[in-house]
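Computed from the coordinates by the stated procedures, all read-outs in this text should not be read as laboratory data. What you are looking at is a predicted structure, and each value in this text was computed from that prediction instead of being measured. Here the Cβ is made from the backbone with ideal geometry for all residues, glycine too, and neighbour counts use every protein chain on show.
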Amino acid sequence: MRYISTRGHAAPQSFCDILLGGLAPDGGLYLPESYPQISRDELDAWRGLSYADLAYEILSRFIDDIPAADLKAIIAKTYTAAVYRHARNGGDTAQITPLTRLDDDLYTLELSNGPTLAFKDMAMQLLGNLFEYVLDQRGESINILGATSGDTGSAAEYAMRGKHNVKVFMLSPDGKMSDFQRAQMYSLSDANIFNIAITGMFDDAQDMVKAVANDAAFKARYKIGAVNSINWARVAAQIVYYFKGYFLATRTNDEQVAFAVPSGNFGNICAGHIARRMGLPIARLALATNENDVLDEFFKSGVYRPRTSLETSVTSSPSMDISKASNFERFIFDLVGRDPAVIRELWAKVDQGQPFDLAATPYWARLPSFGFVSGKSAHADRINTIRLAHGRYGVMLDTHTADGLKVALEHRLPGMPMIVLETAQPAKFEATIREALGTEPVRPAELAGIEKLPQHVVVMAPDVEAVKRFIVERV
């Protein structure tokens, strides 16, 4: 399996090479040269597998430069009931991602039972173990530079804390996350973890990460790696739970399903798109945004219009306060027939802050074949949806999953299972839960009072050179 850049000017690479590299040298994102195709016989054989065994079957299609026994051991070490132990709603921790029935053909898939109570743990715990293995094999070290709008940062730091040969430098928007999200990151005192709060929005932080990654000399000298969903391994790991959710919500592989996915940076739903291209019977991918509705606007109009930080709203589903979706480039690459010249032309506009419009192109006519629909949810919507889920279904949802459920209810198809991907536990967003329900969400005992712990963070202007100096002084 070789990996190519969406922009076409990078040599094909192996999995382990792109695992450590993040962005391609030409500024593009890596994707497999072709997606592995899963047969009906394989689907039938996979239906009864444990999560770890299913993950091995899928990921071994993408990773052929780690010996099979080693890869299987890494995956088995990652996906255990001890790591994903925070199941709710009567869920079985052995399932790793329990399915919760809300109504006839309506479900949530629990993805936030890991150490930081967010779906990002599903991929990040694997990424941490893969990094450690590959670095040990090569006798190398790495300095991870990432950006977070809420959950990626803590998931990355918990996955990498204490790991030898790894340092993490995580950028986050100053004052824009929930108290719990900040505390999860900033309370870590591990010597290899560094938190930097940027006086701006997530998009500013993400742009800084890309700017550093595009400085080839700096990246090589200081061994800069990535854990944001620009890293292909993150997306690959997320493909697994689409297959698992499908098996849990259906009786046979003759059935089709729909998934509703809260989307900010397009990484989560990109994994669903790839699962569908591999042959998983997904009829519909319902993309849900919050007030920052750049992606909803595209799927309704054909216009992709990234917005500035000043145009990006601060909302009660902060992990989706994103107006420039990094992983969207991967999807558009597939939509335009994998033509890197088209991607270079389109993203030359995006990189200058300009929109592009596909509505009058032949590519737009192909969009229905990809199964996407979309919708948006505002603060009043998510308050009402949290109340509806609690009153009608007896479950408590976080704000982002509420956005997903709101859009799912708008796009259900008769007789077809609709699976809402849960993104975080309600404990991470206590203020909004209190507003909606007048009660406190339950949090695991080990995270009680986390906001009162000493916090370790440096506040910095969105200055790429300043971030580079910060890294150089600490490696």
Please compute the modelled spin-label separation between residue 416 and residue 434, points set 7 Å along Cα→Cβ, answer in nm with one decimal.
4.1 nm
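Given contacts defined as C-alpha pairs under 8 Å and at least six residues apart, what's the relative contact order of the chain, whole-number percent?
On the way: 937 pairs, mean separation 90.3, N = 475.
It comes to 19 percent, rounded to a whole number.
Quick check on packing: order 388-399, 233-244, 443-454 by the mean number of other C-beta atoms within 10 Å, highest mean leading. Working shown, then result.
Values: 388-399: 19.2, 233-244: 25.1, 443-454: 12.2.
In descending order of packing, they fall as 233-244, 388-399, 443-454.
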What FRET efficiency comes out for residue 348 versus residue 223 if R0 is 30 angstrom and r is the Cβ-Cβ distance? Round to the nearest 0.05.
0.55
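By how many nm would the segment from residue 370 to residue 283 lengthen if fully extended, with 0.36 nm per residue of separation less the alpha-carbon distance?
Details: separation 87, 0.36 × 87 = 31.32 nm, distance 0.89 nm.
Length gained between residue 370 and residue 283: 30.4 nm.
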Amide H of residue 376 versus every other amide H placed in the peptide plane: which residues, excluding those fewer than 5 positions away on the same chain, fall under 5 Å?
289
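What 222 nm value per residue comes from the helices of the chain, counting each DSSP H run with n ≥ 4 as -39,500 (n - 2.57) and dividing by all residues, nearest 500 deg cm²/dmol?
Values: 19 runs with 189 residues, N = 475.
Theoretical 222 nm ellipticity from helices: -11500 deg cm²/dmol.
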Taking a threshold of 27 Å on the Cα-Cα distance, which of the pairs 77/324; 77/452; 219/300; 349/406; 300/428; 219/324 fall above it?
77/324; 77/452; 219/300; 349/406; 300/428
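Could you work out the local net charge near residue 357, counting Lys and Arg as +1, Asp and Glu as -1, over the other residues with Cβ closer than 13 Å to its Cβ?
Numbers: positive: 300, 305, 349; negative: 297, 345.
Taking every Cβ under 13 Å from that of residue 357, the sum is +1.
Remind me, relative contact order of the stretch 230-339 in percent, using alpha carbon pairs under 8 angstrom and six or more residues apart?
Numbers: 135 pairs, mean separation 30.5, N = 110.
About 28 percent, as a whole number.
For the stretch 119-168, what relative contact order do you get, as a whole percent, if you take Cα pairs closer than 8 Å and at least 6 residues apart? Mind dumping the intermediate values first?
Working: 44 pairs, mean separation 25.0, N = 50.
Once normalised by length, the contact order is 50 percent.
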Full extension from residue 92 to residue 341: what is 0.36 nm times the residue separation minus their Cα-Cα distance, to one decimal in nm?
84.9 nm
Can you tell me the FRET efficiency between residue 305 and residue 455 if r is taken as the Cβ-Cβ distance and R0 is 35 Å, rounded to the nearest 0.05?
0.45
So what J values fall out for the stretch 295-306 if you push phi through Karplus, 6.51 cos²θ - 1.76 cosθ + 1.60 with θ = phi - 60°, rounded to Hz, Gly and Pro as x?
6, 4, 4, 5, 5, 8, 10, x, 9, 9, 10, x
Simple SL model, points at 7 angstrom along Cα→Cβ for residue 68 and residue 463; separation in nm is 5.5 nm
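When Lys and Arg each count +1 and Asp and Glu each count -1, what net charge do the other residues less than 12 Å away from residue 388, Cβ to Cβ, add up to? Write out the running numbers ahead of the final one.
On the way: positive: 382, 387, 392, 406; negative: 103, 381.
Net of charged neighbours comes to +2.
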Per 5 Å bin, what is the whole-percent P(r) computed from every C-alpha pair distance within the stretch 128-174?
5, 22, 32, 21, 12, 6, 2, 0
Determine ³J(HN,Hα), in whole Hz, for all residues of the stretch 327-336 in sequence, where each value follows from phi through the Karplus function 6.51 cos²θ - 1.76 cosθ + 1.60 and θ = phi - 60°; x replaces Gly and Pro.
6, 4, 4, 5, 5, 4, 4, 5, 4, 8
